[in-house]
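Bear in mind these aren't lab numbers, they're just calculated from the coordinates by the rules spelled out. Since this is a predicted model, take the numbers as computed values, not measurements. Don't worry about glycine lacking a Cβ; one is built from the backbone with ideal geometry, like all the others, and counts go over all protein chains shown.
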Amino acid sequence: MYIEKRKAVDRLGWIEVICGPMFSGKTEELIRRLKRARIARQKVEIFKPAGEHRYSPVDVVSHDEHSIASTPVGSPSQILIMAHDVEVVGIDEAQFFDDQLIPVCDTLANNGIRVIVAGLDMDFQGRPFGPIPALAATAEYVTKVHAVCIGCGDLAHYSHRIADDPDLVLLGEKENYEPLCRRCFLERRKNR
């Protein structure tokens, strides 16, 4: 009886969200978790938005240049089509997907899949960004990671845009963004 009950529980999936500002190690943590799942001999599939190709058009790559092979997709619904016969699904740069990512992740988890999502939780103006806040609300596990504030050295959780570009999405790195704590972020926004 105990074994049968345990098998039913083992089939339940869940959602993990890794969020925070740029340069905080979100992708690094995603890659670490996915590699551990592979070490455990679990079948893993990794996805990222098709338009995100700063380091590689295909691989998920961290700022520290660690990488893992992935499949670029144009929409969250493609993940459901491609994530068959897997135990773990990883999704990087999730803030660039639309809100359809939320029911897609729920469907995967409801079908017994562990879903690990990484992405920015706030945009460059400090506002909730994309589907990440809603996913964090429904996820079983949320890990908020922090960068180091370029202004004062405290913990940073804002991605301040240096570049003068009003578009919500501007792909870039240190030439366009810097991590800041709340105090430094408010000071820089006030001085703009």
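Once the other residues with Cβ under 13 Å from the Cβ of A134 are scored (Lys, Arg +1; Asp, Glu -1), what is the net sum? Don't skip to the end; give the middle numbers.
Working: positive: none; negative: D98, D99, D106, D121.
For residues surrounding A134, the net value is -4.
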Query - Residue order, fewest to most surrounding Cβ atoms within 10 angstrom, among L101, L80 - result: L80, L101
Query raised in the report: What length, rounded to one decimal in nm, is gained on full extension from K43 through to E28, with 0.36 nm per residue of separation minus their alpha-carbon distance?
Result: 3.4 nm
Query raised in the report: For the modelled label position 7 Å from the Cα of R189 along Cα-to-Cβ, which residues of segment 141-165 have backbone nitrogen atoms closer than 12 Å?
Result: 158-161
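I need S77, S159 ordered by Cβ neighbour count within 10 Å, fewest first.
Values: S77 14, S159 25.
Exposure proxy ranking, most exposed first: S77, S159.
How much length would be gained if the chain were fully extended between D99 and W14, taking 0.36 nm per residue of separation minus their Cα-Cα distance, in nm to one decimal? Intermediate results must be reported in sequence, preceding the final value.
Working: separation 85, 0.36 × 85 = 30.60 nm, distance 1.81 nm.
Roughly 28.8 nm would be gained on extension.
Give the order of R189, R114, R33 when sorted by the count of other beta carbons within 10 angstrom, beginning with the fewest. All intermediate terms of the calculation are to be shown ahead of the outcome.
On the way: R189 15, R114 22, R33 18.
Lowest to highest Cβ neighbour count: R189, R33, R114.
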Query raised in the report: Can you work out the FRET efficiency for the pair N111 and I162, with r the C-beta to C-beta distance and R0 = 45 Å, to the nearest 0.05?
Result: 0.60
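Within 10 Å of each candidate Cβ there may be at most 10 other Cβ atoms; applying that plus a DSSP loop requirement, which GluC sites (Glu not before Pro) in segment 69-161 survive? Each step should come with its number before you reach the end.
On the way: sites: E87, E93, E140; in loops: E87, E93, E140.
Here no GluC sites (Glu not before Pro) fit, given the DSSP loop and packing criteria.
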